[in-house]
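See structure below.
What follows draws every value from the coordinates through simple rules; no lab data is involved. Keep in mind the model is a prediction, meaning the values are calculated, not measured. We place every Cβ from the backbone using ideal geometry, glycine too, and count neighbours over all the protein chains shown.
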């Protein structure tokens, strides 16, 4: 039988959620700064990062993003309109439709992925500490100095590139 949850357990779970949300907030902002909706970036990343042997079809991508098939189709349609992806017929089964990143999609994905990797490298220690506390039951979240959240950081001047070097604060979406 599981032991009852303590205040320390709740604090550890809350810290994990906070650290994950901080990264997701960063990802949402970075995606929008590049002119994409967050799920569009996620779909492009899923296409590029599929495990070996998994074909980039809408059904597989919907599963990877944990969204409905029709929602994935709509994302693909918007990415295709923006010329980030294209549909391609399968080699042996011409009924099969595969998704391929265009050169524009590859370039945009590479830029965003570099920023995401850098952000994870700076924020991962706090997330890993929080996860260890939950998994190993090592107690409450200790007070650790945090980088200011993006809401606390100063915005760049209007028209200047944002802190990720993508777009500008003033760009229309």
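Quick notes on this one:
- Footprinting exposure proxy for 18, 41 (fewest neighbouring C-beta atoms within 10 Å first): 18, 41
- Fewest-first sequence of 9, 93 by Cβ atoms within 10 Å of each Cβ: 93, 9
- Debye log10 I(q)/I(0) at q = 0.12 Å⁻¹ for the stretch 7-136, Cα point scatterers: -0.55
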